[in-house]
Amino acid sequence: MPMLLQPVYKEYIWGGDRFITEFHRRLHAGIYAESWEIADHPDGRTRIITGPAAGLTLSEAIARYGREILGPSSKETSFPLLVKLIDAKETLSVQVHPDDETAARYGGEAKSEMWYVLSATPDAHIYSGFREGVTPADFEAARKNGAIPSLLQRFTARPGMIFNTPGGRVHAIGAGCVLLEVQQDANTTYRLYDWDRVDKKTGLPRPLHVEQALQVINWQMTDSPIPPVQDAVECSKGRSVRLLLDAPHFHVEEWSLSDFDEVHHDGAGFLLLFPIDGDIRIRTPGQPAMILQRCSTCLLPAVLNTFSLQPASPQPPAKPVRMLVMRQPAARP
């Protein structure tokens, strides 16, 4: 049956309170920067709260039910993706992650990621990629002058926008953004610049990792991080599908549900569901219907290759419920 998991919350200095005010989650007052929705990482492992695997961490469930969750041909020993929500009340550090090649060469965990903007204040923006022609010498001069952000491309952030951030691309999430992020199962971040701020708990600046960052930066990544908008394809009377991003480590689609829809897939891998603007009713063979609430995340194991979806409440014809669907990409030739 579908798996709901208990998120792991991270309280970083740039976080806010919108998991409470916008997503109506029952949390103690505090600063919540990230909600790790689906995670099997030493820095945070989500725990399953529904079905036969209830009470197990995702790691424990994979050890017990591995291929039923991941797919009959999977060779993974841990869950390969990490899905999180990000509430950036303040701008994050200017940072970079290794890609597969530089992680293998210099250490750390390879981390490519994609962001879907859920909400944004009118002045919210994303820094992503150096401006064309920026060199290591330009960077060093800007670092000495505290001017690193001036070297970066800056993009307005609006709900529904996609930003692709592969390893090696320098970036910073701007203040006012609430994002869903899907990424490789990794947590290596190298900070280049932290806006000269001080951690209130320690009274000290957070550490930078300039030497490591310089080993993994891809200086040629000056293209736009925003993928081209794809047309939606009608799959049935009740569902249309729009490709958002097909990347080497994850495949993300937006499904629009206007009515009942029965889904059949090949069972080669899991699916992750995240309704954006309404609740979804999920029915699986031999199980009672389950409501997946707006802005919550569900793991459908690979073995569950037949299920049905439907808006949980009647929707006007022009107002389908949109849902992000995430999975590993199909095997590439």
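The values are calculated or read from the model by the stated rules, or taken from the named source; none is laboratory data. This is a predicted model, so every value here is computed, not measured. Cβ: placed from backbone, ideal geometry, glycine included. Neighbour counts: every protein chain shown.
Do we have any residue at all in segment 105-122 that's over 23 Å from Val252 (Cα atoms), surrounded by 19 or more Cβ atoms within 10 Å (Cβ to Cβ) and not acidic (Asp, Glu)?
Quick first cut of segment 105-122, residues over 23 Å from Val252 (Cα atoms) only: 105-108, 121-122.
Of the ones still in play, those that are also surrounded by 19 or more Cβ atoms within 10 Å (Cβ to Cβ) are 108.
Of the ones still in play, those that are also not acidic (Asp, Glu) are 108.
There is at least one residue in segment 105-122 that is over 23 Å from Val252 (Cα atoms), surrounded by 19 or more Cβ atoms within 10 Å (Cβ to Cβ) and not acidic (Asp, Glu).
I'm trying to understand the selection: among the residues of segment 176-198, which are assigned to a loop (DSSP other than H, G, I, E, B), touching a residue at least 24 places away in the same chain (Cβ under 8 Å) and not aromatic (Phe, Trp, Tyr)?
Result: Gly176, Asp185, Ala186, Asn187, Thr188, Thr189, Asp194, Asp196, Arg197.
For a quick check of your reading: which strands (runs of 3 or more DSSP E) sit entirely within segment 78-175 and have at least 1 residues that are among the polar types (S, T, N, Q) and modelled with pLDDT of 95 or more? Reasoning before the result, please.
On the way: elements: 81-88, 94-96, 113-120, 125-130, 152-156, 162-165, 171-173.
It comes to 94-96, 113-120, 125-130, 152-156, 162-165.
With the condition kept exactly as written, say whether any residue in segment 256-265 is over 22 Å from Ser112 (Cα atoms) and within 16 Å of the chain's Cα centre (by Cα). Step through it out loud before you land on a result.
To start, the set of residues in segment 256-265 that are over 22 Å from Ser112 (Cα atoms) comprises 256-265.
With within 16 Å of the chain's Cα centre (by Cα) added as a condition, the list becomes none.
The answer is no, given that none of the residues of segment 256-265 is over 22 Å from Ser112 (Cα atoms) and within 16 Å of the chain's Cα centre (by Cα).
Let's see how each residue does on (1) without any contact (Cβ under 8 Å) to a residue 12 or more places away in the chain; (2) not aromatic (Phe, Trp, Tyr):
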{"site": "Ile86", "(1), (2)": "no, yes"}
{"site": "Thr91", "(1), (2)": "no, yes"}
{"site": "Val94", "(1), (2)": "no, yes"}
{"site": "Tyr106", "(1), (2)": "no, no"}
{"site": "Val117", "(1), (2)": "no, yes"}
{"site": "Ile126", "(1), (2)": "no, yes"}
{"site": "Arg131", "(1), (2)": "no, yes"}
{"site": "Phe139", "(1), (2)": "no, no"}
{"site": "Asn145", "(1), (2)": "yes, yes"}
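I'd like the full set of residues that are within 28 Å of Lys89 (Cβ to Cβ) and surrounded by 13 or more Cβ atoms within 10 Å (Cβ to Cβ), limited to segment 125-146. Before you say what the answer is, go through the steps one by one.
First, the residues of segment 125-146 that are within 28 Å of Lys89 (Cβ to Cβ): 125-131, 139, 142-143, 145-146.
Selection gives His125, Ile126, Tyr127, Ser128, Gly129, Phe130, Phe139, Ala142, Arg143.
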